[in-house]
Amino acid sequence: MCVKDAPFVRFRLLGVIGLFLLFPAISHGQATIKVNDNISLRFGTLIQAWADSAQDPATKSYANNLFLRRMRFLVSGTLSPTVSFFFQTDNPNLGKAPKALGSGFITQDAYIEWKPQSQAFMIDAGLMLPPLCRDCLGSAAGLLSMDYNSWSFIAGPPTQSSVGRDTGVLAHGYLAGGHFEYRAGALQGVRLTGSKNAFRYIGRGQYNVWDTEVGPYVYPESYLGNKKILAIGAAIDHQQNYKAYTADAQLSLPIGVKKNAFNSILTLYHYDGGTTFPTALPKQTDVVLQAGYYDASLKIQPFARLERQDFSASANKSRNNNRLQLGVGWYPNGNNFNIKAAATRISPKAGNKTNQATIQMQFFYY
């Protein structure tokens, strides 16, 4: 190949990559570039378009929005059987009021994984989700209800996390034939100017009673009848005087030969900002229950989510609130393409009750 032909070859290669991304059915598989048996790249995207109407508690008027809740581009790859990486960008809430169409992409996740011997012990380093709860590690493309639990990422702003993510090093692995998973390590956490800052330490264990879930960074919250899952987990998060504890369980139970399924997730949270985050994260105990029933013949899943936030200090009791979300999802192409609609009722102990209605259309390929 002569030098003058190089730009044309590069342009043609970009065109081939574009065809992989825009027309994945042509390749009859993943959008993957394989250099050799060790080196490969894999591409994907997640787009969630929302129509949303949320009521203001003071004026009782509704703010209506048409926007992109998530616009993600995913890239992962391998360098050898022991070294891999994952990178994900997002342009969240694109177009939502106050309207900002030129805000640009952020780095959502970016980490390197080293697997020295087997999946019993691996090390991840970079920007990652802290393993605080099952919902915290849920796949945005496979959530049971409309979005994440209201309390899964409330420690993010005080700990200076980025969209719930933090930089650090985590060890993780699978034992007992893949039934037991652990994730534990040190994260950057909050950095106070002029202070001696301790790291943020976090750890989570999970046991799968039936089918195993070996390998994924994040988990589907609804397997749509394809797996029999009973996963029970607990976690601890700590930095300086801040601490949090969680316990959770996910049930995905196929029913009958048509692969109907009952799906449910229970999550218990206990946050205590202590003297580190006394105002930003006051002591509280929160609980969320999600449940849905997937009808495989109709490809629909009605769902409900019940949430309760209970503050410990009497001065904060007026901030206690309950939330109820009822909705339904239609899954003509599973999690690759679906449409969800939900109505949410927020009932604070003090103040006005408010409503929210949301419709989502999702495209996902990875």
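As a rough footprinting exposure proxy, the listed residues VAL190, VAL257 were ranked by other beta carbons within 10 Å of their own, and the order from fewest upward is VAL257, VAL190.
If only the Cβ of Lys and Arg carry +1 and only the Cβ of Asp and Glu carry -1, the dipole of the chain around its Cα centre is close to 600 debye. Just checking the listed ones, ARG70, ARG165, ARG191: in the Gaussian network model of the chain with Cα springs under 10 Å, the one fluctuating most is ARG191. Taking the average, over residues, of other Cβ atoms within 10 Å as the packing measure, peptides 213-225, 95-107, 57-69 rank 213-225, 57-69, 95-107 from highest down.
Coupling constants for the stretch 78-84 follow from the phi torsions by the Karplus curve (6.51 cos²θ - 1.76 cosθ + 1.60, θ = phi - 60°), and in residue order they are 10, 9, 7, x, 10, 10, 8 Hz; glycine and proline get x. A quarter of the convex hull surface defined by the alpha-carbon atoms of the chain gives 22.2 nm² as the mean projection. A prolate overall shape is assigned to the stretch 270-366, the ratio a/c of its alpha-carbon gyration tensor axes (a ≥ b ≥ c) being 1.5 or greater and a/b exceeding b/c.
Listed from fewest to most Cβ neighbours within 10 Å, the set ASP90, ASP56, ASP211 follows the order ASP56, ASP211, ASP90.
Sorting 130-140, 262-272 by their mean Cβ neighbour count within 10 Å, with the most densely packed peptide first, gives 130-140, 262-272. Among the listed pairs LYS34/LYS228; LYS60/LYS340; LYS227/LYS340; LYS96/LYS228; LYS99/LYS353, those whose Cα-Cα separation exceeds 29 Å are LYS34/LYS228; LYS96/LYS228. Just ALA247, ALA350, ALA125 to compare: in a GNM of the chain, with alpha carbon springs under 10 Å, which one fluctuates most? Highest fluctuation among the options: ALA350.
When the chain is treated as a GNM with alpha-carbon contacts under 10 Å, the residue of ALA249, ALA198, ALA49 showing the greatest mean-square fluctuation is ALA198. Per-residue Cβ neighbour counts within 10 Å put SER84, SER152, SER314 in the sequence SER314, SER84, SER152, beginning with the fewest.
The amide H of THR276, built 1.01 Å from its N in the peptide plane, has ASN241, TYR242 as neighbours under 5 Å, considering only residues 5 or more places off or on other chains.
Bear in mind these aren't lab numbers, they're just calculated from the coordinates by the rules spelled out. On a predicted model such as this, the values are computed, not experimentally measured, just so you know. All Cβ positions, glycine included, derive from the backbone under ideal geometry; neighbour counts span all protein chains shown.
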